[in-house]
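This report refers to the structure that appears directly beneath it.
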Amino acid sequence: MLLRLSAILGLSILSNGLGETGPVFVTSAGFYVGVHDAQNQVDVFKGIRFASPPARFTPATPLSNPSAGAQSAAAFGSDCPQLPTILGAAGIPAGPPLKGANQSEDCLFVNVWRPEGTSVNDALPILVYIHGGGYFAGSGSEWDGTSLVRRSVATKKPIIWITFNYRIGVLGFLGSVQAPLEALNVGLQDQRDALRWIQDNAHAFGGDSSRITISGESAGASSVHMHYLYPDSRRTFRAGISSSGTSLVSNTPACEWHDRPGGAYDILGNVTGCGTGTGSFECLRTLPFDVSWKACVSGSLIDEYPTQKVINGDFLNAPIITGTNRNEGNYVVGTAFIDITPQPPIELENSILSSFIAGQATNNKNVSQDTLATLLDLYANPTDNLSNSSLSNRASQFLTDYMMLAPERLFLKTASATQREQDVWVYSFEQPLAGAPDFFGAFHTSDLYYLDIGFPPVASLALQSQMQDFYISFVNDLDPGVAQWPKYDERSPVSLQLKEGRIGPIADTLRREQTDFLSQVNVLEEFGRFG
């Protein structure tokens, strides 16, 4: 059965005579001239093609005719098409602004930050960052490696930082039984192509092709897990860092789920006039871009349910750091339940929460009344009461566990098994962000402010340095380099608490009863995790 990952839905040519105006390197895409940032002591190369301009719904192909002349790598290439606004909640953006030249289906570009003066013989380890955005938004142009690269040089563990674009929304993750196999999951295929290009060209920009770590947040973090669960036949990385994303993704509805009335493919067919029957896919493939793509439809198709692969231990045995934020669900739920006035009595609250929980199921599954009753009881008394709304607190905590904490622990149960001998480290980010609403707590994406990779940096430099250092150390040494941070062991689970003034090991026991229940096979089945 084919499955999908659910989603919340022009380089200028320089003359050869200008070749000395910036740092250069020669790739399979040709000769590129970047920018030297003297203030920050980094060299930057933006907008480098890693594949030919892709045909719609078709896997990308390698570049066949590199330019003979020098090409500018001073500005980002086009961002992949998406809705024009940055999603957010309560005034907090979901990501930094896009910085691409425009939006175009011709959007497969890679961007490189390296220490100034890096030579082809330096063989520096590489950190690849896969952007998030729910598989329907975001771009490599949002994120900036300057601060991390500077910190890596200062700590005498220099690294190279790389971002890239991949097709998103309906263009990258179409879901329908009408679509041919090669049209499914082209967004993840783009990611794989980018990783192959990076490995092939690592030496050209001073990197080590055998020391590549992939990382990401949210959908980018889930993508890290996807490359562990559905590995390339060719090993393109040696380790991973997953921040606020899991191997179970948000949900994994079957392909035909999108063809049902009200499904994504059904909506797209109605909006565009292409319909959903025979010929609809070809209609969508040839339709003018501005007609059809304003509807943000989502999906990604894979050949086996992630849940089953996790339980079976059918994934790469490679070092990985994985972590979640303590209040992931608060940002996702936002103010929806807080704004209910007056707040409902307990009977109505339970009814609303029950419907909210049942609504997370996919694949036409119905969560049983017994399961709903148990969950209402398990989430009757939230551990973090950050708002004045009991309903909001309960819903946020359930969503944190359902989306992040329970799937993470299901993965860890297998990954940390003694017989696997897999190196796994786990963290819990628990620092509230200054200036954000108090009821958000340590919300989804708040950790990125402390990595200083695109969001405005925070004043908490101690926590920022600690987080940057464990990334840098792991990329160099396959160890986060924190003495009091042990490898994860399911028999005595410990995570690293990341909170200003309280950085250290803690027992990974938060809401264990709740996450253990959510990870039971029968409960996973009721929510459609197996189809």
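Note that the range 195-203 has calculated 3J(HN,Hα) couplings of 5, 5, 4, 4, 5, 5, 10, 3, 4 Hz, one per residue in order, obtained from phi through the Karplus relation 6.51 cos²θ - 1.76 cosθ + 1.60 (θ = phi - 60°); glycine and proline are x.
Each of ASP401, ASP314, ASP377 has some number of other Cβ atoms within 10 Å of its Cβ, and from fewest to most they run ASP377, ASP314, ASP401. Taking label points 7 Å from Cα along the Cα-to-Cβ direction, SER28 and THR509 give a separation of 5.1 nm.
Multiplying the residue separation of ASP232 and ALA459 by 0.36 nm and subtracting their alpha-carbon distance yields 77.7 nm. Pairs of Cα atoms nearer than 8 Å and 6+ residues apart set the relative contact order; for the range 478-525 it is 24 percent. Listed from fewest to most Cβ neighbours within 10 Å, the set HIS227, HIS258 follows the order HIS227, HIS258.
Once you have the Cα-Cα distance between THR341 and GLU182, take 0.36 nm times their residue separation minus that, and quote the gain in nm to one decimal. Mind showing how you got there, number by number?
Details: separation 159, 0.36 × 159 = 57.24 nm, distance 4.94 nm.
Gain on extension, THR341 to GLU182, equals 52.3 nm.
How large is the translational diffusion coefficient of the range 79-182 in µm² per second when you combine the Kirkwood radius over alpha carbon pairs with Stokes-Einstein at 37 °C and 0.692 mPa s? Answer, rounded: 210 µm²/s.
If contacts are Cα pairs under 8 angstrom and at least 6 residues apart, what is the relative contact order of the range 411-531 in percent?
24
Shape call for the range 115-254 from the C-alpha gyration tensor, a ≥ b ≥ c root eigenvalues: rounded (a/c under 1.5), prolate (a/b greater than b/c) or oblate?
Details: a/c = 2.25, a/b = 1.86, b/c = 1.21.
Prolate, because a/c is 1.5 or more and a/b exceeds b/c.
Looking at the chain alone, DSSP beta bridges between its own residues are antiparallel in about 45 percent of cases.
Give, as ranges by residue number, the residues of the range 135-176 whose backbone N falls under 14 Å from the point 7 Å along Cα→Cβ of SER104. No residues fall inside that zone. The distance separating the Cα centre of the range 101-124 from that of the range 130-177 comes to 11 Å. Over every Cα atom in the range 429-516, the radius of gyration and the widest Cα-Cα span, Dmax, amount to 14.1, 39 Å. Between ASP377 and THR21, the modelled labels are 7.1 nm apart [label points 7 Å from Cα along Cα→Cβ].
Quote to one decimal, in nm, the extra length available between THR58 and ARG420 on full extension: 0.36 nm per residue of separation minus the C-alpha distance between them. Don't skip to the answer; put the middle values down first.
Details: separation 362, 0.36 × 362 = 130.32 nm, distance 3.70 nm.
Net length gain for the segment: 126.6 nm.
Couplings for the range 458-464, taken from phi via the Karplus curve 6.51 cos²θ - 1.76 cosθ + 1.60 with θ = phi - 60°, read 9, 6, 7, 6, 5, 5, 4 Hz in order; Gly and Pro are left as x.
Every number here is computed from the coordinates shown, using simple stated rules; none is lab data. Small disclaimer: the values here were computed from a predicted structure and weren't measured. Virtual Cβ from ideal backbone geometry, glycine too; neighbours counted across all protein chains shown.
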